[in-house]
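The values are calculated or read from the model by the stated rules, or taken from the named source; none is laboratory data. Quick caveat, the model's predicted, so the values are computed rather than measured. All Cβ positions, glycine included, derive from the backbone under ideal geometry; neighbour counts span all protein chains shown. What goes into the accessible areas is simple: the full protein's heavy atoms, side chains included, and nothing from ligands, DNA or RNA. Shrake-Rupley method; radii C 1.70, N 1.55, O 1.52, S 1.80 Å.
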Amino acid sequence: PAIAALAIAAFLLMQDRQGTVYPEALLRADSIVSKQPDSAAVILDGLEHGMASAPEAVRMRYRLIRQKQIAYSFGSFTSYSTARALVEYYETRGERSRLPEAYYYAGKTYMSLNDSPMAMEYFFKTLDAAAESDLNLRGRTYSQLGYIFDRQWLDSEALGMFKKAYRCISRARDTRVVVF
């Protein structure tokens with residue numbers, strides 16, 4: 001009975017709110033991408049071939065995780081097309097809870113391609129869409145805005161964004177539960 005309950009729980013964890021079932025390897029890549037982007041890349045590379053025949057929700061989640069992997073690997077984004085497709089998908093028919101991430105990685109893409117006005121637009125959309133409790137995403141977003149303002153010699157605005165980032169990150173650390 002305990003094993004059956006664990007199997008059911010694992011299956012439920014692979015579904016989103018819309019009932020989409022994701023490959024366990026895809027979810028594994030998502031869970032490690034921020035700390036081990038190279039390992040996540042290996043997993044994503046192994047899944048790439050099967051994405052052509054996967055349902056749209058799975059393909060888009062794969063693309064979002066790939067965007068994260070590129071960002072965490074300090075890689076370069078080469079075009080806006082993936083970012084635009086992800087934003088359009090999550091704005092119109094994808095799981096809305098992924099929209100703040102789609103906005104954030106669109107901002108990272110535009111920033112990487114030296115389009116600061118569009119990067120800022122997407123970072124501000126991230127802040128509008130992200131839950132107040134998502135301190136990690138909010139902190140990273142304020143930090144990115146700080147870098148943009150800093151590159152434009154807008155020191156006061158940059159400092160304000162970096163302070164907001166620091167407050168978010170500090171609050172996130174304070175709310176973590178330590179398990180021994």
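Listed by first and then second residue, the pairs linking a residue in segment 133-158 that is touching a residue at least 40 places away in the same chain (Cβ under 8 Å) to a residue that is open to solvent by 20 Å² or more (accessible area, probe 1.4 Å) and of a type in the set (Val, Ile, Thr), with Cβ atoms under 9 Å apart and 6 or more places separating them unless they lie on different chains, are LEU135/ILE169; LEU135/THR175. Is it true that some residue in segment 130-142 is open to solvent by 50 Å² or more (accessible area, probe 1.4 Å), touching a helix residue (DSSP H, G or I) at 6+ places or on another chain (Cβ under 9 Å) and part of a helix (DSSP H, G or I)? Yes, the conditions are met somewhere in segment 130-142.
All of ARG93, ARG61, ARG66 fail the test of being surrounded by fewer than 14 Cβ atoms within 10 Å (Cβ to Cβ) and of a type in the set (D, E, K, R), apart from ARG93.
Taking residues in segment 92-113 that are more than 13 Å from ASP128 (Cα to Cα), and partners anywhere that are at pLDDT below 95 and of a type in the set (S, T, N, Q), the pairs with Cβ atoms closer than 6 Å and at least 6 places apart or on different chains are GLU95/GLN18; SER112/SER76. Kindly indicate whether PRO117 is open to solvent by less than 20 Å² (accessible area, probe 1.4 Å) and closer than 30 Å to TRP153 by Cβ. Judged against the criteria, PRO117 is not a match.
Applying a threshold of 7 Å to beta carbon distances and a minimum spacing of six or more residues, or different chains, the list of pairs starting in segment 24-47 at a residue that is under 13 Å from LYS68 (Cβ atoms) and ending at one that is surrounded by 13 or more Cβ atoms within 10 Å (Cβ to Cβ) and of a type in the set (D, E, K, R) reads LEU26/ARG61; VAL33/LYS68; ILE43/ARG28; LEU44/ARG66. Only one entry in THR109, THR126 is open to solvent by less than 10 Å² (accessible area, probe 1.4 Å), under 19 Å from PRO37 (Cα atoms) and modelled with pLDDT of 95 or more, namely THR109.
Step by step: first the residues of segment 143-164, then only those that are under 16 Å from ALA71 (Cβ atoms) and of a type outside the set (Val, Ile, Thr), then the one that is least open to solvent (accessible area, probe 1.4 Å). Which residue is that?
Our first condition is that a residue be under 16 Å from ALA71 (Cβ atoms); within segment 143-164, this holds for 143-145, 147-148.
Subsequent filtering for residues that are of a type outside the set (Val, Ile, Thr) retains 143-145, 147.
Details: SER143: 23, GLN144: 23, LEU145: 0, TYR147: 108 Å².
For segment 143-164, the residue satisfying everything is LEU145.
Here SER76 fulfils each of the conditions (1) loosely packed, with under 14 Cβ neighbours inside 10 Å; (2) free of Cβ contacts under 8 Å to residues at least 24 places away in the same chain apart from (2).
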